[in-house]
Amino acid sequence: MLKKSLVLMSISAAFYAQAQDVSVIRNTVEVYSSTPMVGSAKFNAMAGANGALGGDANSLLTNPAGLGVAISGEVSGTLSILGNKNKSTLGGSTIDYSKTRGDLGNAGGVIAFPLMTETGWKFINIGINFSNQTLDNVIQSPGNNKIVYAFDKDDISKDAALAGHMYERYGNLSKMSFGVGANYNHNLYLGAGFNFFNASLDQYDTLLYRNIANGSTEAFSKQDTPYSERSSGFSASLGVIGKLSPNFRVGASLETPTFWTINRNYYFYNDPVYGDDIGAENRKFTSPLKATVSAAFVASKNFSLNVDYTLGLTKPDYKVYGGAERELNDFFKENYKNLSEVRVGAEYRVQQFRLRGGYSYQSTPFDALTISRFNDAGTVGDQSYSNMMLSDRNTLSFGIGYDFKSFYVDASYQNISSKYTNPFMRGYMDGNSDSSYYSAKNIFASEAYAASEVKNNRNNFFLTVGWKF
């Protein structure tokens, strides 16, 4: 495979200076700086809020000290049915896309080891947890007949209007965690975990233009697409939970950055030496350091409430091999806001029945960004957006469960919603870089974006079967 210069993937230091490859920025945050949070149906029903409660293997998703809370062994498996719907609007037209996918969303277990000693140490517990989520996302933006491109300035019969755009990403992100938790006198819990990540994605960026004279449609692929990435990463976590009283607990945890190795294969076009061919490259990436603080109120054996707050303490960072990574890092230094998330979850027990609910809010990852873009009338102007590429996210969830003593069954539902602006179409050639779009016949270049508005709704269902021993 050809080792090709990364300069073709160049990203401008400030987005208002017209970043070239939106997908690199989006995936940096959404894939490589994210942690899979698909837990058991109970965990998901409570919106992932368990940092001060713990008690099962899902503690490795928030605070490994929660492993020490367990006083018996437990294993569980969770089926996830994940639904994704995008409604993309441009120029007064809207296209809906939806997809539902079933998979093994979570599996885990805890083995509890009582310590028969005279000291205050009561348990040493070992846990393992696997969390898996789909990366599938398709944004199908409509066209706009007022956005016209002249492929030949001397021949108006070759003028074409924007017919649409398709952003496609398919793949999975998984996290395998191993941890140990300790219980001191049923008042203090300590824990540590090791996390191994794997990401697999295939991505496409296709632009459509329709000839005004004869109605024929031409498809263009963006330079260096389609591409595939196969990546692996590692992080570690530490945590503590303390009982302030029989009813109140507090917790804190720290997860190191995830250290990623990203391997990519991609198509490139119109190279002066190699023409159209396939290239390969790799990158090293470090995700943000994350801290979580938690508080829980346990009124009785029948009711508990947990609140988590997670904050990213550092910014995404690529190891610099050349100008591309340097410019990416400059962009994140200037425009990235440290992500924060608040999660609230509660459980109420009525004999063997369990009723659960939760809510979480995750902040937008970027400051307001300004781009040069085509408006609905087809003219170009600068526009500032507070929700460019990704935005804040709201999660509402609820669930039920039934405890058969040794066995239990839980079910839950999640709705995750967000609204963001999707920029596309910009691409140009100069002496150092090429981010244009290519078809079998023509080259398309534009110094301005088109920008569709996307409403995203994810409707997820989970079913867990577990055994306590």
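The values are calculated or read from the model by the stated rules, or taken from the named source; none is laboratory data. Because the structure is a prediction, the values reported are computed rather than measured. Positions of Cβ are backbone-derived with ideal geometry, glycine not excepted, and every protein chain shown enters the neighbour counts. To get the accessible areas, we keep the full protein, side chains included, count just its heavy atoms, and leave off ligands, DNA and RNA. Shrake-Rupley method; radii C 1.70, N 1.55, O 1.52, S 1.80 Å.
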Can you find even one residue in the range 438-452 that is without any contact (Cβ under 8 Å) to a residue 12 or more places away in the chain and out of contact with any helix residue (DSSP H, G or I) (no Cβ under 7 Å at 6 or more places or on another chain)? yes
The lone condition Tyr348 fails out of (1) among the aromatic types (Phe, Trp, Tyr); (2) buried (at least 17 other Cβ atoms within 10 Å of the Cβ); (3) under 20 Å from Ser40 (Cα atoms); (4) over 25 Å from the mean Cα position of the chain (by Cα) is (2)
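Looking for something in a strand (DSSP E or B), aliphatic (A, V, I, L, M) and touching a residue at least 24 places away in the same chain (Cβ under 8 Å) - is there at least one such residue anywhere in the range 60-69? Give the derivation first.
First, the residues of the range 60-69 that are in a strand (DSSP E or B): none.
No, the range 60-69 contains no residue that is in a strand (DSSP E or B), aliphatic (A, V, I, L, M) and touching a residue at least 24 places away in the same chain (Cβ under 8 Å).
For residues that are within 28 Å of Tyr413 (Cβ to Cβ) and touching a Leu at 6+ places or on another chain (Cβ under 8 Å), scanning just the range 447-458, find the one that is surrounded by the fewest Cβ atoms within 10 Å (Cβ to Cβ). Give the derivation first.
Within the range 447-458, the first condition is being within 28 Å of Tyr413 (Cβ to Cβ), and the residues that meet it are 453-458.
If we keep only those that are touching a Leu at 6+ places or on another chain (Cβ under 8 Å) too, we end up with 453, 458.
Numbers: Glu453: 16, Arg458: 18.
Checked the range 447-458; the qualifying residue surrounded by the fewest Cβ atoms within 10 Å (Cβ to Cβ) is Glu453.
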Strands (runs of 3 or more DSSP E) within the range 128-241 that include 1 or more residues of a type in the set (Asp, Glu) and open to solvent by 10 Å² or more (accessible area, probe 1.4 Å): 159-184, 188-211, 217-222
Any strands (runs of 3 or more DSSP E) falling wholly within the range 363-469 and containing at least 3 residues that are over 30 Å from Tyr309 (Cβ atoms): 369-374, 380-385, 407-424, 450-468
Could we say that Phe113 is open to solvent by 70 Å² or more (accessible area, probe 1.4 Å) and either of a type in the set (Phe, Trp, Tyr) or at pLDDT 95 or above (or both) here? yes
Any residue at all in the range 421-428 that is open to solvent by 30 Å² or more (accessible area, probe 1.4 Å), modelled with pLDDT under 95 and either in contact with a Ser or Thr (Cβ under 7 Å, 6 or more places away or on another chain) or farther than 30 Å from Val342 by Cα (or both)? yes
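Kindly provide the set of residues from the range 177-202 that are aromatic (Phe, Trp, Tyr) and touching a helix residue (DSSP H, G or I) at 6+ places or on another chain (Cβ under 9 Å), ordered by number. Can you show your working first?
At the first step, the residues of the range 177-202 found to be aromatic (Phe, Trp, Tyr) are 178, 184, 189, 194, 196-197.
Passing the criteria: Phe178, Tyr184, Tyr189.
From the list Phe461, Phe469, Phe444, which one is surrounded by fewer than 16 Cβ atoms within 10 Å (Cβ to Cβ) and of a type in the set (Phe, Trp, Tyr)?
Numbers: Phe461 fails: surrounded by fewer than 16 Cβ atoms within 10 Å (Cβ to Cβ); Phe444 fails: surrounded by fewer than 16 Cβ atoms within 10 Å (Cβ to Cβ).
That would be Phe469, the only listed residue that is surrounded by fewer than 16 Cβ atoms within 10 Å (Cβ to Cβ) and of a type in the set (Phe, Trp, Tyr).
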Only one of (1) at pLDDT 95 or above; (2) buried (at least 24 other Cβ atoms within 10 Å of the Cβ) fails for Ala19. Which number is that? (1)
All conditions in (1) of a type outside the set (D, E, K, R); (2) farther than 30 Å from Ile443 by Cβ; (3) in contact with a Leu (Cβ under 8 Å, 6 or more places away or on another chain); (4) surrounded by 15 or more Cβ atoms within 10 Å (Cβ to Cβ) are true of Leu82 except (3)
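Residue under question is Ala324, and the condition is that it be touching a residue at least 12 places away in the same chain (Cβ under 8 Å), open to solvent by less than 10 Å² (accessible area, probe 1.4 Å) and touching a Leu at 6+ places or on another chain (Cβ under 7 Å); does it hold?
On the way: touching a residue at least 12 places away in the same chain (Cβ under 8 Å): yes; open to solvent by less than 10 Å² (accessible area, probe 1.4 Å): yes; touching a Leu at 6+ places or on another chain (Cβ under 7 Å): yes.
When the stated conditions are applied, Ala324 passes them.
Kindly provide the set of residues from the range 395-413 that are open to solvent by 20 Å² or more (accessible area, probe 1.4 Å) and at negative phi, ordered by number. Full working, then the answer.
Looking only at the range 395-413, we keep the residues that are open to solvent by 20 Å² or more (accessible area, probe 1.4 Å), and these are 396, 398, 400, 402-409, 411, 413.
Those that are open to solvent by 20 Å² or more (accessible area, probe 1.4 Å) and at negative phi: Leu396, Phe398, Ile400, Tyr402, Asp403, Phe404, Ser406, Phe407, Tyr408, Val409, Ala411, Tyr413.
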Within the range 51-78, restricting to residues that are open to solvent by 20 Å² or more (accessible area, probe 1.4 Å) and closer than 21 Å to Asn132 by Cβ, the one that is nearest to the chain's Cα centre (by Cα) is Gly77
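Here's the yes/no breakdown for (1) modelled with pLDDT of 95 or more; (2) on the phi < 0 side of the Ramachandran plot:
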position	(1), (2)
Gly275	no, no
Leu289	yes, yes
Val293	yes, yes
Ala299	no, yes
Phe303	yes, yes
Val307	yes, yes
Leu313	yes, yes
Asp317	yes, yes
Tyr321	no, yes
